[in-house]
Amino acid sequence: MKKKMFHESVDQIEVPEADVLKAIQAGVRKGSKIRAKQKSRFKVLGASVAAAAVLFVASGFMVPSVGKVMADIPFLAKLYEHDKVAGNLASQQLITELNEKAAFDGIDVRVTDAYYDGAIIGVTFDVKGEVKGNEDEIYAFYEIFDRDPNIEETMELVKLLPIEGGYKGHIQLSYPRAELPAETTLPFNIIGIGEINDNWKDEQGKWNFDVPISQLPFETVALGQARELGDYKITFEKLITGKSSIAIEYTLSYPEGGERVMLNLFDDRGKRMIGGTSDAKLERNVENGTVTEKRRITIPMVPDSDFIEVHPSIESGEKLDSVKIDL
């Protein structure tokens, strides 16, 4: 798919409230039977309203009636949302065009382009062939990194957008490993395509890809800022700035079985940062009753701000001192 076509196709997507609510209802019906990883102890606080008060999954906030389902299946309807990273990179002609193909049972899937910016990866794919079901209820259920048990959220759903002759899917994810190689491949396997099927969770990939990705230039700045409260400690270690995204790496330590730690992110105007912010657990160790996690917050944009102010707190409401990170 040409870069211009990608950019235009993203910009032309509307956000129909009825369809979004219908998709969520479908997830409620099916989600309790398709399990993903357990919820993280950590949440990045921030939200983005889509349609009728439907909030970004990655933010950790969601409509209470579907919260459990969303926690079990990170529901990614990315073709209803403007991927700001992809849009910015496409305008700079920095998205890599691909032509990776796989076929199974009368359905052809072609990975058409990908990007790797800082710690964020995006992949777009086309689906053609004998797809069964209502075209407004077609999903792809996929896995990444071969269901590596050390990686959170390796199995996800994405709603497909009907296009002429088939469907289009787009995913965006945070690179889940501690090291960020300049060039690598993304193991990307689609398990099922069609209306949501309870059996997908027990099946293996049918359309399997090793998507080649090359990282765009980025800058790294050491931070070395720590905050403590009793047995809880957060050390902000590194800021990664890509072409159209940023990431903050930090280490979190807390007592085994303790409360969750939450972060509020604010810009230099005191406005809470919203929209797609997520975090990934990169490493986890337990020693003498203390859990130590290495994590990475990713923000799918370069904020128009001189700094980010991070406000950590424990789930009970106790607060740690804030941290200012210059951009």
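Points to keep in mind about this one:
- Residue in region 136-150 that is closer than 25 Å to residue 88 by Cα, in contact with a Lys or Arg (Cβ under 7 Å, 6 or more places away or on another chain) and assigned to a strand (DSSP E or B) present: no
- Restricting region 151-167 to residues that are β-branched (Val, Ile, Thr) and not in a loop (DSSP other than H, G, I, E, B) leaves a set whose member that is nearest to residue 198 (Cα to Cα) is 158.
- Test result for residue 292, touching a Lys or Arg at 6+ places or on another chain (Cβ under 9 Å), of a type in the set (Val, Ile, Thr), over 30 Å from residue 114 (Cβ atoms) and assigned to a strand (DSSP E or B): yes
- Residue within region 285-293 that is within 18 Å of residue 177 (Cα to Cα), free of Cβ contacts under 8 Å to residues at least 40 places away in the same chain and touching a strand residue (DSSP E or B) at 6+ places or on another chain (Cβ under 7 Å) present: yes
Per-residue answers, yes or no, for (1) part of a strand (DSSP E or B); (2) surrounded by 14 or more Cβ atoms within 10 Å (Cβ to Cβ); (3) assigned by TED's automatic domain parsing to the domain that holds residue 111; (4) under 22 Å from the mean Cα position of the chain (by Cα):
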| position | (1), (2), (3), (4) |
| --- | --- |
| 210 | yes, no, yes, yes |
| 226 | yes, yes, no, no |
| 238 | yes, yes, no, yes |
| 248 | yes, yes, no, yes |
| 259 | no, yes, no, no |
| 264 | yes, yes, no, yes |
| 280 | yes, yes, no, yes |
| 301 | no, yes, no, yes |
| 304 | no, no, no, yes |
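Yes/no matrix, rows are residues, columns are (1) over 24 Å from residue 126 (Cβ atoms); (2) touching a Gly at 6+ places or on another chain (Cβ under 7 Å); (3) among the β-branched types (Val, Ile, Thr); (4) surrounded by fewer than 20 Cβ atoms within 10 Å (Cβ to Cβ):
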{"site": "150", "(1), (2), (3), (4)": "yes, no, no, yes"}
{"site": "159", "(1), (2), (3), (4)": "no, no, no, no"}
{"site": "179", "(1), (2), (3), (4)": "yes, no, no, yes"}
{"site": "187", "(1), (2), (3), (4)": "no, no, no, yes"}
{"site": "193", "(1), (2), (3), (4)": "no, no, yes, no"}
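The values are calculated or read from the model by the stated rules, or taken from the named source; none is laboratory data. This is a predicted model, so every value here is computed, not measured. Positions of Cβ are generated from backbone atoms using ideal geometry, with glycine treated the same way; all protein chains shown enter the neighbour counts.
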